[in-house]
Ligand code: CUK
Ligand code: CUA
Ligand code: CA
């Protein structure tokens, strides 16, 4: 309690009375029976006022939670925006020994023996076009999985394997009316099913997958000829959209560049639901696969765009999908309300493209400020280009020589090879035009030289004015891909300081050892600075399951459980329970100890496992 009191006073002192009240609510009140605190009060949910100062001084909190996909590190990160401080890493598909992710029975069950991944796109759950703050979803391009992170505990709670695809790339969540579906794309075409390997690329398919966000089960897949790169959903719950850069079914770079155009693909959700209801699917590897191929299906349309496009992003007013050219120096502006008429045969696919403004060399991704401006990352030029959408549409009607690129408002040089770009709240109806983050693939020249393998460079840009203003550089551990930046009040109300102990049926209330044949269960409470047992006697070859529950309710008081020379190491947060099973195959005396500095007598927090 004394720690809590001190923390409360500290916040009261630096953050003023309003923040102090919320700290009192979160820290002072504990429901003893449940062991977990409820959501914060309404006062605590009000947005932090915008001071346009990127420096977040000691004791102050960031105004935004940034959720970063960690690329081939396999994780998701929480970055405070605008401070750009890395606050937490959430292990998802990777092993993380600091938390024991990949070493405990609970995480092993989710990872199924695969301890690495490649996270590309992280998106939140929505309610009516704005994040509801409950879940994050992220894809694994490596092992073709989708993971869900629950924001109350900020941990991965479900992982679903997606069969029939490879190179799972674009992922997006349903925005309206709320997130029931999550879509993801297979970027690499493969034989479906992939059991009898064909040498002929013509036999390969791409697949668009729909996942039930609540159950984390596959709803259906749509079989395509094209590959699918990035994904987006509209703001009306009608469509998912993807880009395809390999309509050629090429297997080499030059083959994939063979056609003069490629596609933006649109999937019609009501028609997909009807096809499912009418039983118009084949079951392949346990998944309902709908027919989406050209000429064989009314579920999909193909909008021709300049060759090898990349990102697709929908403007916060829901009107436009912006498809970034990559190989073409343009973006294609697609009017979403016209799409239905293409499905109905009243319009030609190309008629939905209402502008194709010049942007720069290698446009990749577009983000928005909610004031009608778009910001596109330009890879080859290494710039962020601010342009006005309406101006681009108006200019389209002018003769070529009169266009003069007047839609372009500003061009900011960023560090080399920018990939994703994201503005605050930009993937919601409440895009607020405060900050933009440019995720640059190269960091050379920006930081101390750390050898051949260098980090990445993330740059913070102030977008409140007419001009883009670069305000901060930070180095990022390899290799962040994409991010979303979410207003603090949306997330904060969900986040808990301790687990609800009895949500976990394994929770240990009394320490002890139980034997059933060669299986031994060791139940341990952890209370600073002691484990509930001082020694456990085992016989060589016994299968031991250690279950540890942290009984300290003080916020931030974590314990660790590590077993010397047994490669076991995990952390338990307040009221959390974790378990691990291993064979006691080495005779001798082995100290188990607490790894997380929890008390003045933290070093003394240890016990013996004696294996005879
Ligand atoms: S993407 Cu994944 S490889 Cu999100 Cu532009 Cu780069
Ligand atoms: Cu418990 Cu250190
Ligand atoms: Ca192509």
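Values quoted throughout were computed directly from the atomic coordinates according to the rules given, and no laboratory measurement underlies them. Quick caveat, the model's predicted, so the values are computed rather than measured. With ideal geometry, Cβ positions are generated from the backbone for all residues, glycine too; neighbour counts draw on all protein chains shown.
Below, the figures for the structure above:
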quantity: Cα convex hull of region 74-116, projected area averaged across orientations, nm²; calculated: 3.0
quantity: Base-10 log of normalised Debye intensity for region 390-542 (one unit scatterer per alpha-carbon) at q = 0.09, 0.10, 0.16, 0.19 Å⁻¹; calculated: -0.62, -0.69, -0.98, -1.17
quantity: 14 Å tail of the calculated P(r), region 315-360, as % of Cα pairs; calculated: 51
quantity: Two-decimal Rg/Rh across region 476-523, once Rg and the Kirkwood Rh are taken from alpha-carbon atoms; calculated: 1.28
quantity: Region 105-149 - Debye-derived log10 I(q)/I(0), Cα point model, q = 0.16, 0.20, 0.32 Å⁻¹; calculated: -0.51, -0.70, -1.10
quantity: Expected 222 nm ellipticity per residue - DSSP helices of 4 or more, -39500 (n - 2.57), all of the chain, to 500; calculated: -3000 deg cm²/dmol
quantity: Gain in span if fully extended, residue 215 to residue 478, counting 0.36 nm per residue against the direct Cα distance; calculated: 91.5 nm
quantity: Per-selection Kirkwood Rh - region 503-552 (Cα, Å, 1 d.p.); calculated: 11.5
quantity: Alpha-carbon centroid distance for the pair region 433-465 / region 491-505, whole angstrom; calculated: 34
quantity: FRET efficiency, 1/(1 + (r/R0)^6) with R0 22 Å, evaluated for residue 403 and residue 467 via beta carbons; calculated: 0.50
quantity: Hydrodynamic radius (Kirkwood) for region 79-237, which is based on Cα pairs only, to one decimal in Å; calculated: 16.5
quantity: Cα coordinate range in region 311-435, projected on the principal axes (Å, largest first); calculated: 45, 36, 23
quantity: Rounded Å value of the spacing that divides the Cα centres of region 231-274 and region 67-102; calculated: 30
quantity: For the chain, share of DSSP beta bridges that run antiparallel, in % to the nearest 5; calculated: 90
quantity: FRET E, pair residue 514, residue 600, Förster distance 41 Å, beta-carbon r, rounded to 0.05; calculated: 0.80
quantity: Ellipsoid semi-axes in whole angstrom, largest first, where each is sqrt(5λ) of the Cα gyration tensor of the chain; calculated: 45, 30, 21
quantity: Alpha-carbon gyration tensor eigenvalues x 5, square-rooted, for region 272-342, Å; calculated: 29, 15, 12
quantity: Sorted peptide list for 222-230, 82-90, criterion being average Cβ within 10 angstrom, highest first; calculated: 222-230, 82-90
quantity: Computed over region 530-612, Cα set: Rg, Dmax in Å; calculated: 12.7, 39
quantity: Sorted largest first, extent of region 197-271 alpha carbons per principal axis (Å); calculated: 40, 29, 19
quantity: Rg in Å to one decimal, and Dmax rounded to a whole Å, for region 120-174 via C-alpha atoms; calculated: 11.6, 33
quantity: Gyration tensor verdict on region 225-365 (Cα atoms; rounded if a/c is under 1.5, prolate if a/b is larger than b/c, oblate otherwise); calculated: oblate
quantity: Kirkwood hydrodynamic radius (C-alpha pairs) into Stokes-Einstein, region 52-137, 4 °C and 1.567 mPa s, D in µm²/s; calculated: 90
quantity: For region 474-604, the spread of Cα positions along each principal axis, largest first, Å; calculated: 54, 33, 32
quantity: Hull volume in cubic angstrom per residue (convex hull over the Cα atoms of region 211-253); calculated: 105
quantity: Reciprocal of mean inverse Cα separation for region 155-279 (Kirkwood radius, Å); calculated: 15.2
